[in-house]
Amino acid sequence: MKKTISVLIIVLICLVGSLIFHNPIEHFLPQIQFSWTFSKLAPYVLEFILIVWLSMLMAKFIQKLALRKFVLIASILLLCGIAFAINPIYEGDFAHTYQEVVVSNKDAVFPRGLAMIALPGCPYCLERVNTLNDLKDHVSNLPITVVFTGADSSVIEGYRSVLNPEIRLEVSANKNLLLQAVGESFPSFVLNSDKYPIVYHWSQTGFGTGAMDWLASQEKN
């Protein structure tokens, strides 16, 4: 029984640690060449394994079989609920949902490479800075630009202070054509490459780890 208690405490500490360091684990794994999808999923898998293990250890203290099964299932559901509340999965986290956009003169509308179309003052746009920085760190040959739909020097400087210095910032010179192509949902992501005659367009919820892995694989080919 003492051994079970000791193991239970160790597993509990590991679970708490994985919940606290969930995001650092997720950001570290791509640095050692794991895909973004695997890196996003791995902490959740680890936490689920630890939760099941912890629940099985707690159930050992229950003598009645029926009650033991109830405690096992209830504790798994409760702990999983807590874990997902701490580190939720959002819509589009794993997505790679895009549209093909045909533009007569795509180079006049979009910069070469990947562009994030941002609206000054849009909090969701600023939240995707880490996504762009991660891509630039691991796919260094991919040109990345943040394209603003309007000029706001204070906002642009705010982005400049947190973005990888190799990521360019510019204000769109063809705002109307830009919005006709991608709509008015911000941020939007577009890929304008010599490899393709069309432009690939992702919405905010369509550009997840699947899209990042696809971009990385395209640039390496």
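Taken together, the values in this text are just the output of simple stated rules run on the coordinates, not laboratory data. The model shown is predicted, which means the values in this text are computed figures rather than measured ones. Every residue, glycine among them, receives a Cβ derived from its backbone with ideal geometry; neighbour counts consider all protein chains shown.
Here are the numbers for this structure:
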| quantity | calculated |
| --- | --- |
| Considering only segment 50-207, percent of DSSP beta bridges that pair antiparallel, nearest 5 | 60 |
| Order of Ser55, Ser188 under a 10 Å beta carbon neighbour criterion, fewest first | Ser55, Ser188 |
| Per-residue [θ]222 nm for the chain (sum of -39500 (n - 2.57) over DSSP H runs n ≥ 4, rounded to 500) | -17000 deg cm²/dmol |
| Part-to-part distance (alpha-carbon centres) for segment 1-15 and segment 159-221, which is given in Å | 47 |
| Spacing of the two label points (7 Å from each Cα toward its C-beta) at Glu100 and Asn176, in nm | 2.9 |
| Surrounding net charge for Lys136, when Lys and Arg each add one and Asp and Glu each subtract one, Cβ distance under 12 Å | -3 |
| Lysine pairs with alpha-carbon atoms under 20 Å apart, the chain, spacing 8 or more or separate chains | 9 |
| Computed log₁₀ I(q)/I(0) - Debye formula, equal Cα scatterers, no solvent, the chain, q 0.08 Å⁻¹ | -0.40 |
| Fluctuation leader among Val162, Val147, Val129 - the chain, Gaussian network, Cα springs under 10 angstrom | Val162 |
| Most mobile listed residue (Phe48, Phe94, Phe61) in the chain, GNM with C-alpha springs under 10 Å | Phe61 |
| Contour excess over end-to-end distance, with Cα ends at Val162 and Leu65 and 0.36 nm allotted per residue | 29.4 nm |
| Cys residues of the chain counted as unpaired, since no other Cys beta-carbon is under 4.7 Å | Cys14, Cys80 |
| Size descriptor, Kirkwood hydrodynamic radius, that averages inverse alpha-carbon separations across segment 96-220, Å | 14.4 |
| Most to least packed among 131-141, 11-21 [average Cβ atoms within 10 Å] | 131-141, 11-21 |
